[in-house]
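Okay, structure first, notes after.
The values are calculated or read from the model by the stated rules, or taken from the named source; none is laboratory data. For clarity, every value in this text was computed on a predicted model and none was experimentally measured. Methodologically, a virtual Cβ is constructed for each residue, glycine included, from the backbone with ideal geometry; neighbour enumeration extends over all protein chains shown. When the accessible area is computed, the model is the full protein with side chains, heavy atoms only, and any ligands, DNA or RNA have been set aside. Shrake-Rupley method; radii C 1.70, N 1.55, O 1.52, S 1.80 Å.
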Amino acid sequence: MSAAAKQRQLPNKEAGLFKELLTQYELKQYKKGIKAADTILKKFPNHGETLALKALTLHASLPFPITVGALPKQEEAEQMARTAVKKDITSHITWHVLGIIAKTKKDWDEASRAFAMARKQDNDNIPLIRDSISLYLHTRQYSSAVAGRHHYLTLRPQIRSSWLGLMIAHHLNGDIEEALEVYDGLMGCIKTDGASGPEKAQTALHVVRMCIEAGEYKDGLERLERFLRNDVLSARGEATQLKAEMLAKVGRLQEAEDTYRALLEQNSDNLEYYRGFLRTRGLDITETLEAEAVAKTLHALDLFAESYPRSAAPRRLTLDIAQGEAFRDRARTYLINGLERGVPSLFVDVKGVYQDATKMAVVGEIMEELVAELEKNASLHNDATIAPPTTLLWAYYYLALHLSHPSHPNPSPDRSLKLLGIALEHTPTLPELYMAKAMVLKRAGDPYGAAVAMEEARSLDLQDRFLNGKAAKYWLRAGDVKKAEDLVSLFTKKDTSAVSDLTDLQCLWFLTEEGDSYRRNGNLAMALKRYQALVNVFQDYEDDQYDFHTYCMRRMTFSAYMALMRYEDQLRSHPGYFRAAIAAIEIYLKIHDDPTLTEESISPEEEAERKKAAKKAQKAEQKARKAAHASGGDSGKKEDQPVPDEDPTGSKLLKTETPLEDALKLFAPLEHLASERVETWTIAYEIDIRRGRYLGALKCLSEAYAVDAEDPKLHGQILNFRRKLASATDLPEPVKAAIEAVFPSILPTETSPEEFNASFLSRHSTSPRHILGAAQGLLEIKRAIDPVPSDTLAEVIAILNQITTDNVPPAVPIMLEAVDFLRSAGAAPEQVDTFRKRCTDRAPLAWVLATEDEQKRRKTQGMDMDDEGGANGNGNGNVKADV
Amino acid sequence: MDIRQATIDDLLGMQNANLLNLPENYTFKYYLYHALTWPELSYVAVDPRGRIVGYILAKMEEEPSEEPCGHVTSISVLRPYRRLGLANKLMKQSQEAMVAHYNAHHITLHVRKSNRAAISLYRDTLGFEVHAMEKSYYADGEDAYGMRYIFTGSKAINDVERIKTS
Ligand SMILES: CC(C)(COP(=O)(O)OP(=O)(O)OC[C@H]1O[C@@H](n2cnc3c(N)ncnc32)[C@H](O)[C@@H]1OP(=O)(O)O)[C@@H](O)C(=O)NCCC(=O)NCCS
């Protein structure tokens, strides 16, 4: 017996108590367990395994979520587990406990290390192996997972899941051949299969999928056909789809075509089935087709449209494919059909073709014709039938949305509002019309008017959560956080605040929108708080997979499990994460540039408002506590409350001393998961340049350049980099050399920066974003000159003014950005004001561009947009919504 | 609108649609539980830009019972896409899958007593029947109808009939 083992051995009495302790833990008799542990520890205070089990028992006895009173105990348990390892470093128990506690804390790396150490001490311990395999999978250590599975199989060869677990580990490790061999090995050695029907089916499907992934279509097809013949797999859905795909791959095209037909019989609304069917005839509708191919495709789809009259899919697909006059005819029929049936979704459905500007224009023309015909009461079918009035109503609705669509070259919100006004006069109770009005106003730059309209829509159908959420979102856009929260709380749990309920329920849209709203209002602390909450939700999404490493082996849902693993690996490419991360990073950059922002400057009114809110929250909490007490929940004492949020106002987040590091943390996943987006690199440039990392910054420019060389932000950054370089005198030689080797491919040395900027502007003279980019570029060029020339601002403004000219579509968000840019460039208030006025002349409904005073006055005077005529306040009355 | 079986990649879109449409919401893990136990049963309706505009989240009853029984955990369609027949199609696909893959005998669901649209869909369009009334089933105290539809083509029924006729 080794010295350690000797020291570990307890006398009989204590050994008995130790066993008892284990049983108590398993029976969840935590109090008794701790007592037993204490008795042992009294005599043997250095007994590591007892200490470990006590830590484990104590930890398990804590309430969840952790309460104020239990917090010290949690720390005690964690500390105790660490001490236990120190006291007995060769015991599998002490390490195992450390691993379990780390696991409950979701510290997967630490847990994985601790389990590996535990296994070193006791290699054949089954629960230990199982846990450690899960952790290897979770932390993507696939070769270790394979080794663990191998070992497990030697210990438990008679169990199917030991084999299948190994199969999956091989698959994850990128070795499908081995995986298939394991499966065939299993099938070769079991006579009667104990698995249930669905379990066998899941396994079979996965085996076929592995064959496909390995490119072994023939093998896959043979296996699949056998599974289908033996009724292991049902022909419904996936199995048949895989069959069709493989038949096409091996060139058995007629059979593939028939198989797709069979699939369409099952589900004639599945677009992939249509695509697959057409592929078997050499028609790939995800690419641009030749005229002949177009005709063939349309013909095939027309036949399907006849066979499946209740499926919109084939008819809708023809709109994507048809061109020219054929498109016009089909679009007209499609639109008339939609209008006559009164489907509100007609617009969201058809706008899919708007990616093609010609098609968008054609649809616009058709709608104008239809409206004209309907207004004359004419028939739409060249006969004597007269359309019911609702047809015209839906036509107005469609046209209104069409005219204010962001890609409309010349949007006319006035006309949209007029059309909706007529429709509303006819049917004042249709929420859709108010929703459309809200959308038009939002796009025209009037978030407040939009919110009021959406509120009307909501009031017409109070039961509908969809309208409730929309109205809340519009209030957030209009900057009214409180109103929004009051609204959403109508559909959230009553015993907690709406925000905390929506956070618990992982409501991404709300967290982003409220973050954005706070940010626009200048409350950077709360904005950061909401964005961080969203980032935490993504951490939960990632952690959630843990239990499924074992669960899926039990349920044998292997394909779904593989899909989960792959999904989680790119989880943060989700647009929700992307948007919140970029927004939060922008705030961190702002704090870095101006650390005074971290010191909150709040007015006395705000102070009072906050105190009032805090008091209210406290009262609500007390009330909830009392209620919980009354219903026998908890004692209502403070210690029994969950640990409160330690940063309710986000001020701790805002007061960070390391804003750039915080930004980097949020950025890290984007580097790989969103490398195809230009914003990823333009934001990374801003971080790197502030960290003085010139090579890193240049790499960002190169990456951005590769994605979109004409990106307006990038354009400004190229010139910014030029300026920064000129003033960086202490760069090491190798860095200088590297920059000189690369930078000229982005900013050619032979053209002057002025030419570079002017040529950029002339290439994009009608794009608001690019005009703004050129203005920013010019400022960089001027600032690189010492002293900065006196005509700088005048020239910058001259460029910005182009945003407001008639041949440039009015883009309110860009106008807003331009105003901010002008201010930050050091323009005098009068200069900013003049520019602002130019913008509102061009976009008269754009109240967001009005001064705060103007906006306030409007709100207190009620909705005067109907009688005063827009943000200009010029009273020309051209925007009457209810004409 | 594209109607297809839901995959793991669709779950966040389903969660989003659910939070927009209904007061009964679930964390991501519950969606995972469905998709990783009965991958064939949940379906989504997707717009041309890939946005999920409708979904059905469905499962098989876990408690051992005589006949396998399907259950609709949640179904909804974003307001701008309603009355296009999407819910009807989603439901039919899920039902067919329950029978084909799990030999389901019947399917159940709960609906708010006041939800006229949904009740009309289930009863009038899909042929469900009310088989129970559950008092204060919902968090806000509203009663639920327990509704049920028995699959006529299911093997279980065929077996019974075979016994009867033999
Ligand atoms: C209930 C809901 C899912 C219906 O979705 P949908 O895609 O619009 O339904 P469908 O278009 O498939 O409707 C099929 C049939 O159901 C009935 N129906 C649907 N909506 C209806 C409504 N608002 N009023 C009356 N009947 C309605 C009709 O009979 C309809 O057939 P029809 O259009 O040919 O007349 C949808 O309204 C919704 O998501 N509501 C909010 C969430 C919800 O309540 N979910 C159900 C929880 S149990």
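Given in Å, the Rg to one decimal and the Dmax to the nearest whole number for the Cα atoms of chain B are 16.0, 55.
Place a +1 charge on the Cβ of each Lys and Arg in the stretch A:679-774 and a -1 charge on the Cβ of each Asp and Glu, then give the dipole magnitude about the Cα centre in debye, rounded to the nearest 20.
The dipole magnitude comes to about 280 debye.
Taking the charge dipole of the stretch B:2-165 about its Cα centre, with +1 at Lys and Arg Cβ atoms and -1 at Asp and Glu Cβ atoms, the residue from B:Pro48, B:Thr7, B:Val72 reaching farthest to the positive side is B:Pro48.
Run the 1.4 Å probe and let me know the accessible area of A:Glu852, rounded to the nearest 10 Å². Around 140 Å² of this residue is reachable by solvent.
Per residue of B:1-13, other chain Cβ atoms within 10 Å of the residue Cβ number 6 on average.
Among A:Glu178, B:Glu40, A:Glu290, the sequence by solvent-accessible area, most first, with a 1.4 Å probe is A:Glu290, A:Glu178, B:Glu40. If you count Lys pairs in chain B whose Cα atoms are under 27 Å apart, skipping same-chain pairs closer than 8 places in sequence, the total is 14. The heavy atoms of A:Leu228 offer some 40 square angstrom of accessible surface to a 1.4 angstrom probe. All C-alpha pair distances within the stretch A:755-860, sorted into 10 Å bins from zero, spread as 15, 46, 29, 9, 2 percent across the bins.
Name the trypsin sites (Lys or Arg not before Pro) in the stretch A:159-233 that are in a loop by DSSP and that have at most 13 other C-beta atoms within 10 Å, would you?
A:Lys191
Figure note: A:Thr288, A:Thr492, A:Thr83 ranked by solvent-accessible area, largest first, 1.4 Å probe, ligands and nucleic acids not counted: A:Thr288, A:Thr83, A:Thr492. Among A:Arg330, B:Arg112, A:Arg858, A:Arg769, the order of accessible area from largest down is A:Arg769, A:Arg330, B:Arg112, A:Arg858, computed with a 1.4 Å probe on protein heavy atoms. Taking every Cα-Cα distance in the stretch A:161-200 and sorting them into 10 Å bins from zero, the calculated P(r) comes out as 31, 51, 18 percent. Expressed as a whole percent, the proportion of Cα-Cα pairs in chain A lying more than 38 Å apart is 61%. Please state the Cα pair-distance histogram of the stretch A:756-808 with 10 angstrom bins from zero: what percent is in each bin? Spelled out bin by bin, the stretch A:756-808 gives 27, 53, 18, 2 percent. Above 24 Å, the calculated P(r) of the stretch A:385-489 contains 25 percent of its Cα-Cα pairs. Helix B:86-102 axis versus longest C-alpha principal axis of chain B: approximately 40°, rounded to the nearest ten.
Probing with 1.4 Å while keeping every protein chain in the model, the per residue accessible area of the protein assembly as shown equals 47 Å². Could you give the angle, 0 to 90 degrees to the nearest 10, between helix A:768-783's Cα long axis and the longest principal axis of the Cα atoms of chain A? So the helix axis and the longest Cα principal axis differ by about 80 degrees.
Interface residues of the stretch A:333-356, defined as those with an accessible-area decrease of at least 50 Å² between the chain by itself and the complete set of protein chains (probe 1.4 Å), are A:Ser345, A:Val348. For the protein assembly as shown, the Cβ-based charge dipole about the Cα centre amounts to some 3140 debye (Lys, Arg positive; Asp, Glu negative; other atoms uncharged).
Rounded to the nearest 10 degrees, the angle from helix A:659-673 to the longest Cα principal axis of chain A is 90 degrees. Over the stretch A:322-410, with a single point scatterer placed on each C-alpha, what log10 of the ratio I(q)/I(0) does the Debye formula yield at q = 0.15, 0.16, 0.25 1/Å? After summing over all Cα pairs, the log10 values are -0.52, -0.59, -1.38. Compared with the direct C-alpha span, the chain from A:Ala326 to A:Arg693 gains 126.5 nm at full extension, assuming 0.36 nm per residue.
Within the shell defined by Cβ-Cβ distances under 12 Å, the residues around A:Tyr567 carry a net charge of -4, with Lys and Arg each +1 and Asp and Glu each -1. Dividing the helix sum by the residues of chain A, where each DSSP H run of 4 or more adds -39500 (n - 2.57), gives a mean residue ellipticity at 222 nm of -22000 deg cm²/dmol.
Buried between B and A is an accessible area of approximately 4300 Å², summed over both sides with a 1.4 Å probe. Under the combined filter of DSSP loop state and at most 16 neighbouring Cβ atoms within 10 Å, the stretch A:747-839 retains these GluC sites (Glu not before Pro): A:Glu750. Its alpha carbons considered, the stretch A:428-491 gives a radius of gyration followed by a Dmax of 10.5, 30 Å. Counting only heavy atoms of the protein chains and using a 1.4 Å probe, A:Ile739 has close to 10 Å² of accessible surface. For the protein assembly as shown, the fraction of 1.4 Å probe accessible surface lying on carbon and sulfur atoms is 52 percent. Considering only DSSP states other than H, G, I, E and B, which trypsin sites (Lys or Arg not before Pro) in the stretch A:265-311 qualify as loop sites with at most 15 other Cβ atoms within 10 Å? Filter output for the stretch A:265-311: A:Arg281, A:Arg310.
Convert 25 °C to kelvin, take the viscosity as 0.890 mPa s, use the Kirkwood radius over C-alpha pairs of the stretch A:397-555 as Rh, and evaluate the Stokes-Einstein diffusion coefficient in µm²/s, rounded to a whole number. Could the numbers behind the result be given before it?
Working: Rh = 17.5 Å.
Rounded to a whole number, D works out at 140 µm²/s.
Shielding value for A:444-451 is 0, the average number of Cβ atoms from other chains within 10 Å of each residue's Cβ. In the structure displayed, which of A:Lys43/A:Lys86; A:Lys655/A:Lys782; A:Lys351/A:Lys837; A:Lys218/A:Lys296; A:Lys473/A:Lys493; A:Lys6/A:Lys73 lie more than 23 Å apart, Cα to Cα? Listed pairs above 23 Å: A:Lys655/A:Lys782; A:Lys351/A:Lys837; A:Lys218/A:Lys296; A:Lys6/A:Lys73.
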